[in-house]
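J.: Shown below is the structure under consideration.
Every read-out reported here was derived from the displayed coordinates using simple, explicitly stated rules and does not represent laboratory data. All values derive from a computational prediction rather than experimental measurement. Please note: Cβ atoms are built from the backbone with ideal geometry, for glycine as well, and neighbour counts cover all protein chains shown.
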Amino acid sequence: MDAERWQRLSPLLDALLDLPPAGRLDELERLRAQDPALAADLEGLLAREDSEADFLHDPLPGTRPPSREGTRLGPYRLERLLGEGGMGQVWLAERADGLYRRQLALKLLRPGYADPNLRLRFSREREILARLQHPNIARLLDAGIGEGDQPYLVLEYVEGVPLTDYCREQALPVEARLRLFLQVCAAVSHAHANLIVHRDLKPSNMLVTAEREVQLLDFGIAKLLDRDGSEAAHVRTEVRAFTLHYAAPEQVRGEPVSTLTDVYSLGVVLYELLAGDKPYRLRRQSDAEWERAILEVSPPRPSVTVQRLAEAGQVERAQARKLARRLRGDLDNIALKALNKVPARRYGSVEALARDIGRHLEGRPVEARPPRIGYQLQKYLQRHRWGVGLGSLAMLALLSALGLALWHAHEARHEAARAQALQRFVLGLFDHAGGAQRSQGMAMRELLSAGAKRGESELEQQPRARAELLGVIARLYIGIGDYREALALSERQQALLGGDDGAPDGLRLDAAGQHGRVLRLLSRSQECVGRMQPLADDAQRLQAELPQQVADFYIQYGRCRRMLGEPMAAQQLYERAIAIRRDVLRDDAGVAEGMIDLAALESDAARTGAAIEQFLAAQRQLRARLGDRHPLLVDIQRSLGVLYLDRGQVTEAEAALRAGLALALELHGPNHPSTLAVRRQLGLAYLQQGRLAEAEQTLRAQHGPTESTLGPQHRETALSLDALGRLALERGDTEAALSAFQRAVAIWRQPDGRHLLDYGLADLAAAFEAGGDGAAARATLEEARQVRAARLGASHPAVGDLDRRMGQLLLDAGEAAAAQPWLERGAQLTQVGYGADDPRTLLAWLALARLRITPDAPDVADEGPAAHLHRFAAGLPTGPALAPVHWQARAYAAQADCQDGQVADGRRQLQALDAELRSARPEGGSLSREVARLAAACHAPLNGGPQATVAR
């Protein structure tokens, strides 16, 4: 049965299974009258429900591949069938080309997984998967497409027994099961530290070897098989790359997965290990019923499930009572916390889950239970029950504690001496600075430079104190926007710490985070990742001990991954940092900073509405907790200005940017990179309003300082060049626009500019069109579309906006037939993604209206072009953001009058539109030139104006 047929049958089968036997017969008769073949297939499936225990075990019933023992698949020979499941068959295989001799496990996937891009995606993920070097993880070795589009995956061969089967067959006690489960957690934690989510954790992917070592299978496979980066929207009717019984609610809903998804799946496995059954009791074994339970039903405590199994005769009653007592309390709470349907209420990480299990095994209080005094005292007495009655051991413990305290006191004195030396130095530095300010007006940079020099000399005998001081001064340089000097100091700090094997972990993490930060600020994010990635495991290990440093590390590491176009990796790191700052540090400003970073990811993905909501939420939190002068508010106002401009809300954009600029000037001064970025955006707001003189003054004033501060190859310098290119294009200076756009695109082709490249290419295409080079415009716009589709997905509305622009380009070139499918796709995608009243959607429909296609009348053959365009223009919604759309619609309607021979009417309308534009935008611009061009074509030049062509 193919996937398309199963999609048709599955919902009907669910409906029949919900009916009593008599109702099923009536419904089948009704279906038989409409489609006999469909009714026959459903009858067969209903019969299989009664006769087959594994009914609906496979995603597509009847699609199991035939046996292929002894055959070759690519360079591999299939030896014998090892097993079969939802994805397909698993074979023992070996290399058939003699390259090496080694037994392998080869997954022969079902036809529903066939995808010619599988190898391409595997190549893309190879670097990430290669980092999974862990004794409890079996590696994914190869993937390919065999003959007949047969997909396969090759893994290390592991001979073992599924975890739950092993524990049941060996009758292991609870403690032994938990220790095996901790091996699973360690492996998953290692993968999460390398930013890989499993997505399909289940006992059959956790094999216990003869040495009682757990091996995890299939890491990376679910992501490899995910064609579009998201889970299926309806898992019952589509081939899915996860097992429903162990799926988290967000997977069932088709939402993005995260490390918390794996936490839920581990919770299901833990529940099954402890209770001997799955968390949900179902009325019927069907996918629909499983989905309902996962989304809606609260699982009972494992101890309750054990007692229920005893009542059903599946477990001996005395054994069940003993096990229920063992599970009641800590283990009940741990399992249910991992299974919480709200991701934010689960354990924040796999390490947190493992830590609670470890604390339980050690007899310590667990985080899953409220920290009541009675509970903590009970745990203490349980842990020390032997020591309470043994005086000699108590004395020994006392002496040991005294020795440890003396050692700590010695260390504390040493650290205090170091801190006092550093404190005396800093106080002396600022005392000296105060006198210099009064007499010589010492600048901040001079102060910091003097501080660094004094540190090198006066702290020469205390390298660790000198390293800390260099880190402080480097951070101050970042604060004043001097990133190059900050990098030089940070590199000197790294050299000092590299020779200090005893440097504190907190200092190492902080230094790595700030070094990565300044590298990113200098558009060197690849180097940032290379600097920070080796410490990712250490950060995870030290999360409980050093929450502040670890949270800061995660934020900086996530920002570097974002700059390299890795939004999922960045999101996971941001969420970890937010969880620490919210739940451990109670740091409101830190939480708001993380919210800003998450909102920036929404902005990168062109989800404008969601990004605006998140930025406004972060703004409210900052103002409520910390007032109106926090530096993060500058970033929020600038980001809101960008997003409002994207939606055509120029008034709102200008208000946000003016407020941001005023705060940036107050906090940072005029030449700080943050101030320059806000000023640049404000210039673009002026440009979008047709205030060309103000735009030019603002944009040119910020460009020189931006380039000199950050360098000619920085991504922010490219943003400034792109803004100047837009200004030149609006003024009609095509040559200057082309030069600026080409320089910006060249910069954005580097790793740090990947998320901006499609925007630069689209602007460059507009400049080529304005210059009359239609071939270059099409080629460049097509590249922009490919880059954007690869980044956001082919069905994203932002891709639809580029489809609309391609259609307009073809339409203006007289290729109406070629333009139509581009315009229709653009209108559909933008209308679904942005809404029917968005300017981008309306521009797509305006272009289609020129082909006599409108949303309410897709094909009006009996209506003339002019009447059609006039009707379309009259029906447009109103609003300040839509004024340019109205002007263009009226201009093209007047053009149609001219072409229909109604020259007087067309001339009159163009004159009225010209007068309105002169009033609204007295400095002219591309739209005014477009009206002049149309007027010239109507043989009525306005005020002697020249003919012109404008790029839209």
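J.: Please report, in debye to the nearest 20, how large the charge dipole of region 496-552 is about its Cα centre when each Lys and Arg carries +1 at its beta carbon and each Asp and Glu carries -1 there.
T.: 340
J.: How much length, in nm to one decimal, is gained on full extension between S739 and E43, taken as 0.36 nm per residue of separation minus their Cα-Cα distance?
T.: 243.6 nm
J.: Roughly how many debye, to the nearest 20, is the charge dipole of region 613-747 about its Cα centre, given +1 on each Lys and Arg Cβ, -1 on each Asp and Glu Cβ, and no other charges?
T.: Once rounded to the nearest 20, the dipole reads 320 debye.
J.: Sticking with this one: Return the subset of K107/K341; K202/K337; K278/K322 for which the Cα-Cα distance in this structure is over 30 Å, preserving the input order.
T.: Cα-Cα > 30 Å for K107/K341; rest within.
J.: Also: Need the list of aspartates and glutamates near K453 for cross-linking: C-alpha distance under 18 angstrom, and skip anything on the same chain fewer than eight residues off.
T.: Qualifying aspartates and glutamates at Cα under 18 Å: D431, E468, D482, E485, E491.
J.: Here is a follow-up. Starting from the Cα of A495, step 7 Å along the direction of its Cβ; do the same at A867; then give the gap between the two resulting points in nm.
T.: 8.3
J.: Taking Cα atoms of region 161-370, Rg/Rh with Kirkwood Rh, to two decimals?
T.: 0.95
J.: Quick one: P(r) of region 468-539 from all Cα-Cα pairs, 10 Å bins, percents rounded to integers, in order of increasing distance.
T.: P(r) for region 468-539, in whole percents per bin: 22, 56, 22, 1.
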